[in-house]
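First up is the structure itself, then whatever we jot down about it.
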Amino acid sequence: MCGIAGLFHTDGAPVSSVILKKMTDAIAHRGPDGEGHFVDGGLGLGHRRLSIIDLSSAGHQPMASEDGRYVIAYNGEVYNFNELRVELEAVGHRFHSRTDSEVVLKALVAWGSKALLRFNGMFALALWDKRERKLLLARDRYGIKPLYYVCIGTSVVFGSEVKAILASGECRVRMNKAGLLEYMTFQNFFTDQTLFEDVRLLPSGSYLEIHQGHSP
C-alpha cells in the first residue's frame, strides 16, 4: 500500500526531521517494510514502504534522480511501467532497480508533468525539484490513491491520510459541515471536500505545483 507525507515551507523556513518522522509514524500501518525521510531546507518528504515489486533496498524512498536534482515519494502501482522503462532506456536512461517508482521518477525527469498522462495505474506522488525549488503533487486519473493537503500561511502539509497532516502539529482542524453533508448525502466525496475544515483532497487526475517564494 505504501504512504507518503511531507511539509513545504514556501518561505524557506527549515523543516524539522523530528516532525517529519512523526508524520510517517502516523501512517506506519501503510508501509511496514521500511521508512525514509528527505529534508532540503524548507522541504521535507517522508515515505512508508510496502515492498511488492522489488523487495531489495534499491527501491528505498524517497528516491533521488542520478544527478540528485529530483526526489520523489511515491505510492501506488503503474501497470505499464515495463513499457515505459524500455522507452526510457532507448533514450539513454539506466535503471538500478526493478521498481515502478524508479520508472515514474525517470519518466517525470524526461517528460515533465506530461508523463502523468502516460501512467496507466493508481498513484499519488510528491516530486521535489531542488534546482527550481518546486514541489509537484499529483494523483491518478481515477483517484484510487488518496492525497490530502492543507495550506496554512506559507506552509503546505500533505499526506496519504489526514492523520499524517495532524501529526505535523501545523494545524488544528475542525469539522467541515459542508463536507459532512456531502458525504452523508452521497456516501462519498465528489469534490475536493473532506470531513475536516481546510483539508482538501487533491482531485482525481490532477496535479498541483508549488514554488518556493510564492504563497501556496
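Side notes on the structure shown:
- Considering the stretch 182-216, the residues that are surrounded by 18 or more Cβ atoms within 10 Å (Cβ to Cβ) and over 19 Å from the mean Cα position of the chain (by Cα) include one that is nearest to LEU125 (Cα to Cα), namely PHE196.
- Test result for THR99, under 20 Å from ALA138 (Cα atoms), crowded, with 22+ Cβ neighbours inside 10 Å, of a type in the set (Ser, Thr, Tyr) and at pLDDT 95 or above: no
- Selection within the stretch 9-27: residues that are in contact (Cβ under 8 Å) with a residue 24 or more places away in the chain and in a helix (DSSP H, G or I). The member of this set that is surrounded by the fewest Cβ atoms within 10 Å (Cβ to Cβ) is SER17.
Yes/no matrix, rows are residues, columns are (1) at negative phi; (2) part of a loop (DSSP other than H, G, I, E, B); (3) surrounded by fewer than 20 Cβ atoms within 10 Å (Cβ to Cβ); (4) touching a Cys at 6+ places or on another chain (Cβ under 9 Å):
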residue: ARG131; (1), (2), (3), (4): yes, yes, yes, no
residue: LEU135; (1), (2), (3), (4): yes, no, no, no
residue: ARG141; (1), (2), (3), (4): yes, yes, yes, no
residue: TYR149; (1), (2), (3), (4): yes, no, no, no
residue: LYS163; (1), (2), (3), (4): yes, no, yes, no
residue: ARG172; (1), (2), (3), (4): yes, yes, yes, no
residue: LEU180; (1), (2), (3), (4): yes, no, yes, no
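- Pairs, first under 18 Å from ALA124 (Cα atoms) and in contact (Cβ under 8 Å) with a residue 60 or more places away in the chain in the stretch 63-75, second part of a loop (DSSP other than H, G, I, E, B) and among the charged types (D, E, K, R), C-beta under 9 Å, six or more apart: TYR70/LYS130; TYR70/ARG131; ASN75/LYS145
- Failed condition for HIS47, given (1) assigned to a strand (DSSP E or B); (2) more than 25 Å from ALA115 (Cα to Cα); (3) under 13 Å from the mean Cα position of the chain (by Cα): (2)
Quick grid of which residues meet (1) under 24 Å from LEU208 (Cβ atoms); (2) among the small types (Gly, Ala, Ser):
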| residue | (1), (2) |
| --- | --- |
| PRO14 | yes, no |
| GLY59 | no, yes |
| GLY68 | yes, yes |
| GLU87 | no, no |
| HIS93 | no, no |
| ARG98 | no, no |
| LEU116 | yes, no |
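The values are calculated or read from the model by the stated rules, or taken from the named source; none is laboratory data. Every value quoted in this text rests on a predicted model; they were computed, and no experiment measured them. Note: ideal-geometry Cβ built from the backbone for every residue, glycine included; neighbour counts use all protein chains shown.
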